[in-house]
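What follows is a short report on a single structure.
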Ligand code: GLN
């Protein structure tokens, strides 16, 4: 059996029937992860107890204590806490921070007996679209190692793409699951805000952050989502499971073509239109929709998000968290610790966030952005109320770019999230599914289709994505 190319359900069956053990599965993944990590650098750390974890999964299987994910190898983004292990957020300031508790998603996965392969690289504190903002070196795109995997969850996307884990967890504040999924040719899902507990995820923008899965197909992603969703006492914004709607396959797909005119590669638009045609031939109704305020989404995001970032990152002061640097006075300690510990992008966002919240400017920037955010949310609501079941866009305006290409141009980097950011601002769920490849400079690079559903309709997106894969003959 080809372990590295099997789905969760295929491995589940093989393990339950005793054809394979969890140790066999874990060893295959760990070996491949270790072999490829020098080249790809998807992992900051591959755990040294992978086999022991798998043995415990095998004992569970022997006892008949079997869950959908028992013995399934998974990679975890380095901003999700696993008790007793380092969680650095790919920042120097948390380089040696060991988690003192499990994130709720980790606790749920542990109860199912998953096998954690390691912690994956990311942009520092999840800020970036290329994984180049990691304090520990960049991750390479497995489809072309001269290119970025996307970000900020680039390590998780690359790990799944290069068979270094079967599935992975990432976080998505403005696109950090969907964008790297698209650039690495895998599925990435951002749940409805609140569908998954944020407890134990290192906070970036608390009104935007969600944890979600990466997988090589929609069914595997759905199984991971099913395992991690649900209400949580420790996250007051989490939703009870009954809030999520029963899944229905969408019929009517809305396309905001007015928003897809600027800055999108021609090849991506061609692939997108060709895929819409295929959907139409398979019985879907494709209609044009208007989202009048969506053009402000990126600007709104780059005010709301830094405001929340500057607040959330205040705790890394060398006293509560962070490697302390001693100065002359307490204020000196703070300033030495923070200027030494944070990278450029973190600093840029702390400065921006502090500015937009400052007295005299908060009305002009933060409160105005907040009001426009409400407007964008209304736009989406209206479209869904008009009978559209889901919205489709390309996930990204370009395929994977070269390492270094946008590193010194923050605005160009921010534009990579143009189609993903509106989703976080409105709190709705969205999925990125591979929609083919484009040829650029001799490389064949994957691209993604994004489907967006109304709030609580997470299940519809999996039905949509599974059918999309079927139409495209993807396993
Ligand atoms: N790339 C976006 C940013 O830099 C999104 C990040 C994320 O979703 N964590 O903010």
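Readers should treat all values here as calculations from the given coordinates under stated rules, not as data from a laboratory. Note that the coordinates shown come from a computational prediction; the quantities given were computed from them, not determined experimentally. Note that each Cβ is placed from the backbone with ideal geometry, even for glycine, and that neighbours are counted across all protein chains shown.
Using mean Cβ contacts within 10 Å as the protection proxy, how do 244-254, 164-174 order, highest first? Before the final figure, lay out the partial values.
On the way: 244-254: 16.6, 164-174: 29.6.
The densest-packed peptide leads the list: 164-174, 244-254.
Over the chain, what is the percentage of antiparallel beta bridges among all DSSP beta bridges, to the nearest 5?
Working: 32 of 47 bridges.
Roughly 70 percent of the DSSP beta bridges within the chain come out antiparallel.
Identify the residues of the range 434-475 with backbone N under 16 Å of a label point that sits 7 angstrom from the Cα of residue 9 along the Cα-to-Cβ direction, or state none.
Once the point is set 7 Å along Cα→Cβ of residue 9, 462-471, 473-475 turn out to lie under 16 Å by backbone N, inside the range 434-475.
What ranking, highest mean first, results for peptides 116-126, 307-317, 31-41 when packing means the other Cβ atoms within 10 Å averaged over each residue?
Details: 116-126: 29.4, 307-317: 19.9, 31-41: 17.0.
Highest mean packing first, the order is 116-126, 307-317, 31-41.
Please compute the contact order of the range 338-475 in relative form: average sequence separation of alpha-carbon pairs under 8 Å and at least six residues apart, divided by the residue count, as a percent. Write down the numbers at each step before the final one.
On the way: 130 pairs, mean separation 29.6, N = 138.
The normalised contact order for the range 338-475 reaches 21 percent.
To the nearest 500 deg cm²/dmol, what mean residue ellipticity at 222 nm is calculated for the chain from DSSP H runs of n ≥ 4 alone, each contributing -39,500 (n - 2.57), summed and divided by the residues?
Details: 15 runs with 178 residues, N = 475.
About -11500 deg cm²/dmol.
Could you tell me how far the Cα centroid of the range 411-460 sits from the Cα centroid of the range 25-74, in Å?
One Cα centre to the other: 29 Å.
For the residue pair residue 65 and residue 378, what label-to-label distance in nm results when each label sits 7 Å from Cα along the Cα-to-beta-carbon direction?
5.3
Please label the shape of the range 340-424 as rounded, prolate or oblate, based on the square roots a ≥ b ≥ c of the eigenvalues of the alpha-carbon gyration tensor (a/c under 1.5 means rounded; beyond that, a/b larger than b/c means prolate, else oblate). Please report the intermediate quantities before stating the final value.
On the way: a/c = 3.50, a/b = 1.20, b/c = 2.90.
In terms of gyration-tensor shape, oblate.
On a full-extension model of 0.36 nm per residue, what is the gain between residue 371 and residue 320, subtracting their alpha-carbon distance, rounded to one decimal in nm?
Values: separation 51, 0.36 × 51 = 18.36 nm, distance 3.37 nm.
Computed gain between residue 371 and residue 320 is 15.0 nm.
For residue 207 and residue 364, FRET efficiency with R0 = 22 Å and r from the beta-carbon atoms, rounded to 0.05?
Numbers: r = 20 Å, r/R0 = 0.90.
Calculated transfer efficiency: 0.65.
If I take every Cα pair under 8 Å that is 6 or more residues apart in the chain, average their sequence separation and divide by the length, what percent do I get for the relative contact order?
Details: 1123 pairs, mean separation 81.1, N = 475.
Once divided by the residue count of the chain, the mean separation gives 17 percent.
Compute the distance in nm between two label points, each set 7 Å from the Cα along the Cα-to-Cβ direction, one at residue 331 and one at residue 98.
It works out to 3.6 nm between the two label points.
Working out 0.36 nm times the residue gap between residue 473 and residue 270, then minus their Cα-Cα distance, what length gain in nm do you get to one decimal? Don't skip to the end; give the middle numbers.
On the way: separation 203, 0.36 × 203 = 73.08 nm, distance 1.93 nm.
So the chain would gain 71.1 nm between residue 473 and residue 270.
Using per-residue counts of other Cβ atoms within 10 Å, averaged over each peptide, order 230-242, 201-213 from highest down.
On the way: 230-242: 14.5, 201-213: 24.2.
Descending packing order for the listed peptides: 201-213, 230-242.
Shape verdict for the range 1-98, please, from the Cα gyration tensor: rounded (a/c under 1.5), prolate (a/b greater than b/c) or oblate. Before the final figure, lay out the partial values.
Numbers: a/c = 2.64, a/b = 1.71, b/c = 1.54.
Prolate.
For the range 110-257, what is the per residue volume of the convex hull drawn over the alpha-carbon atoms, in cubic angstrom? Kindly include the intermediate steps, with their values, before the conclusion.
Details: hull volume 20.2 nm³, N = 148.
That works out to 137 Å³ per residue.
What shape does the range 326-367 take by its C-alpha gyration tensor, where a ≥ b ≥ c are the square roots of the eigenvalues and a/c under 1.5 counts as rounded, a/b above b/c as prolate, and the rest as oblate? Can you show the working numbers first?
Working: a/c = 6.09, a/b = 1.95, b/c = 3.12.
In terms of gyration-tensor shape, oblate.
Short version: what are the Cα gyration tensor semi-axes of the chain, square root of 5 times each eigenvalue, largest first, in whole Å?
Numbers: eigenvalues 185, 176, 88 Å².
Taking √(5λ) for each eigenvalue gives 30, 30, 21 Å, largest first.
Each label point is 7 Å from the Cα along the Cα-to-Cβ direction; what then is the distance between the points at residue 282 and residue 412, in nm?
For residue 282 paired with residue 412, the spin-label model returns 3.6 nm.
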